Amino acid sequence: MQTNQELSLPKMGCGTWAWGNQLLWGYNESMDGQLQAVFNLCVSNGVTLFDTGDSYGTGRLNGRSESLLGRFSQEYQGVNQEKICIATKLAAYPWRWTSQSMINACKSSAQRLGRNVDLVQMHWSTANYAPWQEEGLLDGLADLYEQGLVKGVGLSNYGTKRLQRVHQKFSERGVPIKTLQVQYSLLSTYPVTELGLKQVCDELGIQLIAYSPLALGILTGKYSEKGPFPPGVRGLLFRQLLPGVRSLLQCLREVAASRNKTMSQVALNWCIAKGTIPIPGAKSVQQAQENIGALGWLLDAGEVAELDQAAASSDKKMVQNIFQTK
Ligand SMILES: NC(=O)c1ccc[n+]([C@@H]2O[C@H](COP(=O)([O-])OP(=O)(O)OC[C@H]3O[C@@H](n4cnc5c(N)ncnc54)[C@H](OP(=O)(O)O)[C@@H]3O)[C@@H](O)[C@H]2O)c1
């Protein structure tokens, strides 16, 4: 077994689901220059964790987000270069069911990145629909760690019970679970309030990562009930959700005004105050710059309680990922 290097995680990361996703996020190649500027700005400000997935960029754009991250990290010259952490998620595709298929998938990601993956994550559990498939995939993750091909192993979309089960399985092999990422924001408190994930993660020494921390953009405050809405599925979702989240957005607006921060910054800071690492997606330097402003300060207990209360009494919540397990 090889010795794995230490994997250190920053207070906030950057999500790259949109980097290569044409259908949902309107990606096109002319955005690459802007995305590289986002990458450089993030790293130079200590936002050194980049979340990607081997399913981010399908069809012709096969693995585009990983390829871009590979190129950007190689071309980056400046502070924090050595801290860059590329966290990819390997999809539990139906044709993947052996440990070797996960090792091969991770090697393909590494090829697109032009370097080893730092943190390899299981994108979702197959427990809800094909539980027999999962064992081989998890074995593959542990193999990757043991073979020194990755610095750390993480999970995604796992609930408390399933997490504990995998933790037991991995501890028998001496493989630590470094992270768990779930949809967590003021509009998606379910993983913590109903599943109790934060407490279990703390007990097991696992860092919780908050994905979609801006509720796909709703919590930025830039979308209103009257429109305009983003195109496609996101627009349909926003039309449905926005009338039911007025009071939450108002509370966010008030806290932001009293702090002289933006709503996005408060929404992200709330995630940090809850002990999670938010990984907001950013598509422009302006968005990244604003999100970085969520660092370096912390909401006080009263403000967090006020936001918690507004979140709990919100009429609408984000739809949970269908792969999220209990
Ligand atoms: N494990 C999983 O299954 C899973 C699932 C989903 C996401 N994720 C990860 O989590 C990351 C983040 O989640 P997400 O991208 O779904 O949602 P998000 O971070 O909640 O929202 C990102 C979107 O909000 C808008 N935005 C971001 N910052 C902004 C700002 N400062 N001002 C105004 N608008 C801003 C942008 O879209 P517009 O400009 O178009 O409004 C951006 O693409 C993903 O990139 C991915 O890495 C993981």
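Just so you know, all these numbers are worked out from the coordinates, no wet-lab data involved. Only a predicted model underlies this, so the values are computations on that prediction, with no experimental measurement involved. Methodologically, a virtual Cβ is constructed for each residue, glycine included, from the backbone with ideal geometry; neighbour enumeration extends over all protein chains shown.
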GNM on the chain, C-alpha springs below 10 Å: top fluctuator among SER264, SER55, SER30?
SER30
Label-point separation (nm) for GLN199 and GLN286, each offset 7 Å from Cα along Cα-to-Cβ?
4.4 nm
Straight-distance crosslink candidates among aspartates and glutamates, where the alpha carbon sits under 17 Å from LYS274 and sequence neighbours closer than 8 are dropped:
GLU194, ASP202, GLU203, ASP300, GLU303, GLU306, ASP308
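For the pairs LYS83/LYS283; LYS161/LYS317; LYS198/LYS226, flag any whose C-alpha to C-alpha distance is greater than 25 Å.
Numbers: LYS83/LYS283 22 Å; LYS161/LYS317 23 Å; LYS198/LYS226 36 Å.
Distance filter (> 25 Å) returns LYS198/LYS226.
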Hey, what angle do you get for helix 246-259 against the long axis of the chain, alpha-carbon based, 0 to 90 degrees rounded to 10?
90 degrees
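Given the chain, what percent of its DSSP beta bridges are antiparallel, to the nearest 5? It would help to have the intermediate numbers written out before the result.
Working: 1 of 27 bridges.
Just about 5 percent of them are antiparallel.
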Using Cα springs under 10 Å in a Gaussian network model of the chain, which residue among LEU119, LEU268, LEU61 shows the largest mean-square fluctuation?
LEU61
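Using helices alone, I'd like the mean residue ellipticity at 222 nm for the chain: each DSSP H run of four-plus residues gives -39500 (n - 2.57), total over residue count, nearest 500.
Working: 13 runs with 138 residues, N = 326.
Counting only the DSSP helices, I get -12500 deg cm²/dmol.
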Rounded if a/c is under 1.5, else prolate if a/b is larger than b/c, else oblate: which is the stretch 2-93, with a ≥ b ≥ c the root eigenvalues of its Cα gyration tensor?
oblate
Whole-Hz ³J(HN,Hα) from phi, Karplus 6.51 cos²θ - 1.76 cosθ + 1.60, for the stretch 144-149, glycine and proline x
4, 5, 4, 7, x, 7
Multiply the residue separation of LYS326 and ALA257 by 0.36 nm, subtract the distance between their alpha-carbon atoms, and state the gained length in nm to one decimal.
21.1 nm
